[in-house]
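Data block below; observations after.
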Amino acid sequence: MGVYSTAVGDALRLLVSGSSEVYDIIWLSLQVSGTATLLACLVGIPIGYFLGISRFAGRGALIVLVNTAMGLPPVVVGLFVYMALSRSGPLGFMEILFTPPAMIIAQVMLATPLIAGVSTAAVASVSRELRIQVRALGASRLQEAIAVLKESRRGIFAAVIAGFGGVISEVGAVSMVGGAIQGATMVMTTAIQFDVRRGQFGLAMSWAMVLIGIVIVVNVVLTTMQNSGVTYER
Amino acid sequence: MQNRSTAAGIRQRAIVAIIVALVVALAIPAMSFAATRLTIKVSKASVYTNQASTISGSVKPTAAKKTVVVQYKKTTSLVWKSVKVKTNSKSAWKYSFKTGTTGSYDFRAKYAKATSAKKRVTVNPRTVVMLASTTSTQDSGLMTVLEPAFEKAYPMYDIQGLYVGSGQAIAYGKSKDADVLLVHSPADEIAFVKGGWGKNRQPVMHNTFMLVGPNADPGSIATQGSIIDCFKKLRTDSKEIFVSRGDDSGTHKKELALWKDAGYAGYPNPSDWYVKSGLGMGDCLRMASEKNGYTLVDRATWVTNRPSDLKIVQQGDASLQNPYTVIEVVGAKQPAGGAAFSTWIRTETVQNTIYNFGYKKYGLHIFWPDAD
């Protein structure tokens, strides 16, 4: 166990080292994964809401599609995005390959199915009576949606947590479309990979601990938000 | 009554005292600010983001030390790079200096404009030059030395390195996602240039490959005469584990050539003894160490990543040369940047840097310069 406790100490030393490179990497990870999660929420939650409440032919097939996409390996998504953004690819004119925006695109594609899938389940579990009642009270479609999403917010937050956790810890997509360029597109996961490759296991372990620590902090915040306003339900 | 008026008087006096204290508290810094005149001189009005520019400042009257805050404004909000500043704060940088002294500051604020009360420095964005190279150049630490040196010599360029296997690096050249390549896979390089994807292929440096294996050498490979014999023995015995890169990298291609030289048509099939790892060199070396097996390794990775339970089994053969060349990508996004890197890395100064790289730390030369 000595290696792990040493790594925790090293991780703390890394955090207080004051090295701008360290903070840049952490900040870039949070920026990329945070933005990606946010964008994925904007797309994924409406999809989840729509799939959760509506009844139409082909809904089952769509849910299967979303659930399949939830399991897409990051490296596959990375490859798709790389092929599209490469200068010889269809979107090459945008010239954003190997930049943070490209990493965000890849992570949005990873997180959207996750968020959509989990929120579908959350929205579907809201009882039909609530919607009928809200409509009967004269609510508009938007007000109805707000009421349903409020009711299912625990599930929605779980979706956001799953989405963020999924993207901040993946390495396949960011390394493929970001290129792990030092000082430009290196994030925490690719830093771990790089340090392992050059035999710096100690440094890689401290990065791993920093990554875990940050995910814990973010999840504490999100879980607190998830559990706040519980009294509303009673 | 008497009591009440006394109380009122005390209250009044207290209020006056507080106001006076506030005025004094506010006035002291304000006065010192007014009395301290800052003059900032900037040696150049326009610099590139990584170019050092001298800021000389004087503070009057003689304050012992003063922190000068110069703010920059973003000139574009095109990409996130616009807010990337290598300083202690994102929106302002501080450079503290003593009266009468001169300080210099690296303007690393990309796409930013530095302003001060007196002078304004326009920080020009640098042109990104994409270099695709192999993991061995990064993992050995060579590029950590060369990248900043290139940017110092050419302040208008921001070199960004993609460190992958030679196969992938050449693919980045074909898709024109890289501007210049620094690779070591001769046959592929020739095909790359012949196919019209690259031009101006020039030797830069070389190191050597070597066969490494367990300290105990269980397969008695070290006693074989030549590297070809070693490969023959490994394959006929099919007993000792051999870890192959298996990733189309330069080292992997070299391994294929050695099997061919040993009289075999292709690779051994993946089996109990022949492991196709698909990993980078450092990982592959560690796998050989964990599995108590043999592997072909380049000198740079060996010197910098040596596992203690492995030793050199065979080296020094002329066929084990590992030449690195620089190739400019045809139709690159930044052809001028690629050409500049190609020219620069072959200059005498840089060739000397390459030769001396790692000598202090490891007592061994890792790369030998090859440029004319």
Charge sum, other residues only, whose C-beta stays under 12 Å from B:Pro214's C-beta, Lys/Arg counted +1 and Asp/Glu -1: -2
Computed helical MRE - 222 nm, chain A, DSSP H runs ≥ 4 contributing -39500 (n - 2.57), nearest 500: -25000 deg cm²/dmol
B:Ser244 long-range amide H proximity, modeled H, under 5 Å: B:Val275, B:Lys276, B:Ser277
Highest to lowest packing among B:194-200, A:55-61, A:67-73, scored as the average C-beta count within 10 Å: B:194-200, A:67-73, A:55-61
Between the stretch A:120-153 and the stretch B:305-372, the Cα center-to-center distance that results, in Å: 65 Å
Other-chain or far-sequence residues with amide H under 5 Å of B:Asp158's (modelled H): B:Thr127, B:Val128, B:Val129
A:Arg87 long-range amide H proximity, modeled H, under 5 Å: B:Asp177
Relative counts (whole %) of C-alpha pair distances in the stretch B:230-312, using bins that are 5 Å wide: 3, 16, 28, 28, 18, 7, 1
Integer Hz, Karplus 6.51/-1.76/1.60 couplings in order for the stretch A:182-195, x for Gly and Pro: 5, x, 9, 10, 6, 10, 4, 5, 6, 5, 4, 4, 4, 5
Dimensionless Rg/Rh of the stretch A:154-226 - Kirkwood Rh, Rg from C-alpha atoms: 1.05
Per-residue average of Cβ from other chains inside 10 Å of B:166-173: 1
Peptide-level mean, for A:195-205, of C-beta atoms on other protein chains within 10 Å: 4
Check: the stretch A:83-185 dipole with +1 on Lys, Arg Cβ and -1 on Asp, Glu Cβ, in debye: 380 debye
Residue-by-residue Karplus 3J(HN,Hα) for the stretch A:151-168, coefficients 6.51, -1.76, 1.60, Hz, glycine and proline x: 5, 9, 5, 4, x, 5, 5, 4, 5, 5, 4, 4, x, 5, x, x, 7, 6
B:Glu290, B:Glu255 arranged by Cβ crowding within 10 Å, fewest neighbours leading: B:Glu290, B:Glu255
Globularity index of chain A, i.e. its alpha-carbon radius of gyration over 2.2 N^0.38 Å: 1.16
Karplus 3J(HN,Hα) series, Hz, for the stretch B:129-139 with 6.51 cos²θ - 1.76 cosθ + 1.60 (x for Gly, Pro): 10, 8, 10, 9, 9, 9, 4, 5, 6, 7, 5
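Since every read-out is calculated from the coordinates, none of them should be taken as a lab result. Keep in mind that this is a model prediction, so the values were computed, not measured. Ideal geometry is used to build each Cβ from the backbone, glycine not excepted, and the neighbour counts take in all protein chains shown.
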